[in-house]
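Student: Structure incoming, see below.
The values are calculated or read from the model by the stated rules, or taken from the named source; none is laboratory data. Note that the structure is a prediction, hence the values are computed from the model and not measured. Every residue, glycine as well, gets a Cβ built from its backbone with ideal geometry; the counts of neighbours run over all protein chains shown. Heads up: the accessible areas ignore ligands, DNA and RNA and are worked out on the full protein's heavy atoms, side chains in. Shrake-Rupley method; radii C 1.70, N 1.55, O 1.52, S 1.80 Å.
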Amino acid sequence: MWAGAKGAAAGGPPPPTTLAALIELLEADWRDGRAVHLARARFRHRVEQLEVTTAPLRVLAALPLPHALSARRRRHIGALGALRVMAALRRCAGPVGDLTAAITSAPDALADDPSLGRRREEVAAHALAIRRAIGRRPAPLGAPGPTPPAKAGPPGPGPEAAVAMRTLVAIDAQLGVLARVFRQPPVTPASNPAVPTLGSRSA
């Protein structure tokens, strides 16, 4: 799907590199302000590049054509899925900015919060699973499949912790949109590696 979108619009990073910047922010040492701000800047830059990349697709999708022809055209170029991807990543930009601001205000408290730690690990794992699905390469043998988010306890005291938890929930919701666009194939079975799998994931 994304290959078709790239054929219609030149330049710009594909979603895996944008997700890599998001994962970098989630896995960073939140006490390291420079690392946090660099990861946020990379994510924002890549989202802006994707905005440019998908601009021709937005114009093409808006052309007034008969419904049947329009649906056929969108299926052919992959525009509809590409635009959904772009919209989801764009909706992550605000929460990523708010999360960065909260981390900057209380780096030690947020880095040490166990509920936030568990939640950001889940969101990072979700983003990594989508990266694998985009490239259609299998996860390592024995790797656990995606699991629904655990019911984490409330974040620690302070407005920054509440903001951080809210932004992680918002980011994860948009990752759910990406997961539906890039359907995640099954993990390669460890018991019988000679049997071909139906799909694969990318790292």
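Student: Out of all the residues in the stretch 107-129, which are crowded, with 21+ Cβ neighbours inside 10 Å, in a helix (DSSP H, G or I) and free of Cβ contacts under 8 Å to residues at least 60 places away in the same chain?
Tutor: Leu116, Arg119, His126
Student: Return yes when Ala106 is modelled with pLDDT of 95 or more and under 21 Å from Ala170 (Cβ atoms) and no when it is not.
Tutor: yes
Student: Moving on to the next point. Starting from the stretch 9-25, take each residue that is assigned to a helix (DSSP H, G or I) and acidic (Asp, Glu) and list its partners that are open to solvent by less than 10 Å² (accessible area, probe 1.4 Å) and at pLDDT 90 or above, counting only C-beta distances under 9 angstrom and pairs at least six apart or across chains.
Tutor: Qualifying pairs under 9 Å: Glu24/Ala39; Glu24/Phe43.
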